[in-house]
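A short worksheet on the structure shown next.
The values are calculated or read from the model by the stated rules, or taken from the named source; none is laboratory data. Predicted model, so just to flag it, every value in this text is computed and none were measured. Please note: Cβ atoms are built from the backbone with ideal geometry, for glycine as well, and neighbour counts cover all protein chains shown.
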Amino acid sequence: MSPTRVLTLTTGILSLTKSDDELAVVVGHELAHAVAGHAREDHLTGKHDKLLLLPWLPAVLAGQALARLAACFDPIVHLPAFVLTSPAQAIVYWKLRKSRVQEREADYMSLMLMCEAGYDPAAAITHWVEMDARAQEHFSKLQAKYGRGNVLPVNEWNLTHPHPSTRIAEIQTLVPKVRAMVEHGKRLQQEDSLASADPDQKDNRRFASWLAFLRAREEGAK
């Protein structure tokens with residue numbers, strides 16, 4: 001989903017979807033990013049990151065210069081280079097972590113969107129199992145081409161997205177919870193008892209309110 005809320009599906013991702021339910025996984029995930037306002041969050045935090053980095057900019061530039069010297073002359077220079085560039089590295093790793101949190105949030109919201117629309121949220125599990133298999137296959141091909149010692153797995157903390165295996169484990173625990181929340185939210189709406197719902201059902205009441213908001217917006221667009 002682009003910042004202008006244009007949803008683009010490639011033929012590559014479509015080839016990985018074997019059913020309407022799996023297609024709903026992909027579409028729901030991107031719609032969830034838009035509903036959650038992740039693009040706006042990234043835009044605002046991007047400005048803050050620049051302001052945070054500005055006082056450290058001379059040190060970071062000096063560290064980058066030392067890193068280039070270390071590559072040409074003495075590896076010991078890497079230590080001061082690392083220290084000088086550490087503020088920039090900290091911001092990068094913070095942004096990577098934030099991106100992974102957004103992906104997990106979009107996964108969770110997409111399951112709710114799928115349930116509400118009548119699709120099977122369990123399709124998210126089969127979709128990510130397939131994605132994990134494709135990733136492992138691609139990784140094996142790279143190792144065969146360049147050698148096992150030259151192609152190593154990337155740690156999740158270095159990625160913008162969680163590993164497929166991480167997503168599979170999380171979605172497996174979320175699917176039954178989401179199904180229960182959707183059904184409870186629908187019942188609250190049907191019974192018109194949202195205001196008097198059990199305080200322990202905070203998530204369910206929040207989700208029922210969210211459904212009511214989406215439906216009202218849809219009615220207004222007609």
**OP:** Say whether the condition of being under 23 Å from Ala117 (Cα atoms) and modelled with pLDDT of 65 or more is met by at least one residue in segment 46-58.
**Re:** no
Original post:
Which of (1) surrounded by 12 or more Cβ atoms within 10 Å (Cβ to Cβ); (2) over 21 Å from Met114 (Cα atoms); (3) out of contact with any Ser or Thr (no Cβ under 9 Å at 6 or more places or on another chain); (4) at pLDDT below 85 is the odd one out, the single condition Asp200 does not satisfy?
Top reply: (1)
Subject >> Residue list for segment 138-179, filter: of a type in the set (Gly, Ala, Ser) and without any contact (Cβ under 8 Å) to a residue 12 or more places away in the chain >> reply: Ser140, Ala144, Gly147, Gly149, Ala169
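On the basis of being surrounded by fewer than 16 Cβ atoms within 10 Å (Cβ to Cβ), farther than 16 Å from Arg104 by Cβ and under 17 Å from the mean Cα position of the chain (by Cα), does Asn150 make the cut?
Values: surrounded by fewer than 16 Cβ atoms within 10 Å (Cβ to Cβ): yes; farther than 16 Å from Arg104 by Cβ: yes; under 17 Å from the mean Cα position of the chain (by Cα): no.
Taking the combined requirement at face value, the residue does not satisfy it.
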Subject >> Cβ pairs under 8 Å, 6+ apart, first in segment 110-125 and touching a residue at least 40 places away in the same chain (Cβ under 8 Å) and at negative phi, second part of a helix (DSSP H, G or I) and hydroxyl-bearing (Ser, Thr, Tyr) >> reply: Ala124/Ser110
**OP:** Scan segment 17-42 and report the pairs whose first residue is farther than 13 Å from Met114 by Cβ and whose second residue is of a type in the set (Lys, Arg), with Cβ atoms within less than 9 Å and a gap of 6+ or a chain change.
**Re:** Ala34/Arg5; Ala39/Arg5; Glu41/Lys98; Asp42/Lys95; Asp42/Lys98
